[in-house]
Amino acid sequence: MDLETKTRNYFTAFANKDLEKLSEIFSPNISLKDWNLSAHGRPAVLEANAKIFDDIEKINIDVQQVYIAGFGTIIAELLITADDQEPLPVVDIINWSTRGPVENRKITSITAYRGN
C-alpha cells in the first residue's frame, strides 16, 4: 500500500464518519487546522471530527487530484459536499509519519484550506 492509497482510505473513513478507523489512522500527536478550528493530539482531533459529524448527516468527498509533495506529504484537491449544500473546494495538506513500512505510518498533521 502506498501513501496515496492510505490518504484515500482516510477520506473514505472521514466521509463514513468512522471515528474508530480515524483513530487508527491518526498519530497520537496529530495536529489539525482548518479555517474554523485547530486541535492537537488524537483525542482533541477526534473530538473536533465528532463535532463536525454531529452537525452533518451526509458527507461526500470527491477527490479531484492527489499530489505527492515530499517523502511523507500529500496534497489533495477535494470537493466536499455536506448534506445538500453546494460542493466546497478544499485543499488538504496531509503529513504522514516517515518511519517504518508505509502500511504502519500514521497521519501527523492535516491542514485544510477552503477555496472560493
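First compute the accessible area of the chain with a 1.4 Å probe, then give the percent of it belonging to carbon and sulfur atoms.
Accessible surface attributable to carbon and sulfur in the chain totals 47 percent.
Send over a whole-number figure in Å² for the accessible area per residue of the chain, probe 1.4 Å.
59 Å²
Would you mind telling me which residue in LEU37, LEU78, LEU19 has the biggest mean-square fluctuation in a Gaussian network model of the chain, where springs connect alpha carbons within a distance under 10 angstrom?
Judging by the Gaussian network model, the answer is LEU37.
Any chance you could list the semi-axes, whole Å, largest first, of the equivalent ellipsoid that the Cα gyration tensor gives for segment 42-106, using √(5λ)?
Over the Cα atoms of segment 42-106, the ellipsoid semi-axes are 25, 17, 8 Å.
Could you give me D for the chain, from Stokes-Einstein at 4 °C and 1.567 mPa s, where the hydrodynamic radius is the Kirkwood radius over C-alpha pairs? Units µm² s⁻¹, please.
91 µm²/s
Under a 10 Å cutoff between Cα atoms, tell me which one of GLY100, GLY72, GLY41 has the largest fluctuation in the Gaussian network model of the chain.
Most flexible of the set in this elastic network: GLY100.
Relative contact order, percent, of segment 2-101 when contacts are C-alpha pairs under 8 Å separated by at least 6 residues?
Computed over segment 2-101, the figure is 20 percent.
Starting from 0.36 nm per residue, how many nanometres of slack lie between GLN64 and THR98 once their C-alpha separation is accounted for?
Fully extending the segment from GLN64 to THR98 adds 9.8 nm.
Compute the acute angle (0 to 90°) between the alpha-carbon long axis of helix 3-15 and the principal axis of greatest extent of the alpha-carbon atoms of the chain; round to the nearest 10°.
Its long axis makes an angle of about 30 degrees.
Helix 42-55 against the longest principal axis of the chain: what's the angle in degrees, Cα atoms only, rounded to the nearest 10?
The two axes meet at around 20 degrees.
Please compute the net charge surrounding THR81, taking Lys and Arg as +1 and Asp and Glu as -1 over other residues with Cβ under 11 Å from its Cβ.
-3
Suppose the chain between LYS21 and MET1 were pulled fully straight at 0.36 nm per residue; how much longer would it get relative to their current alpha carbon spacing?
Extra length from LYS21 to MET1 when fully extended: 5.5 nm.
The values are calculated or read from the model by the stated rules, or taken from the named source; none is laboratory data. Since the structure is predicted, the reported quantities are computational estimates derived from the model, not experimental observations. Cβ coordinates were reconstructed from backbone atoms using ideal geometry, including for glycine residues, and neighbour counts include every protein chain displayed. When the accessible area is computed, the model is the full protein with side chains, heavy atoms only, and any ligands, DNA or RNA have been set aside. Shrake-Rupley method; radii C 1.70, N 1.55, O 1.52, S 1.80 Å.
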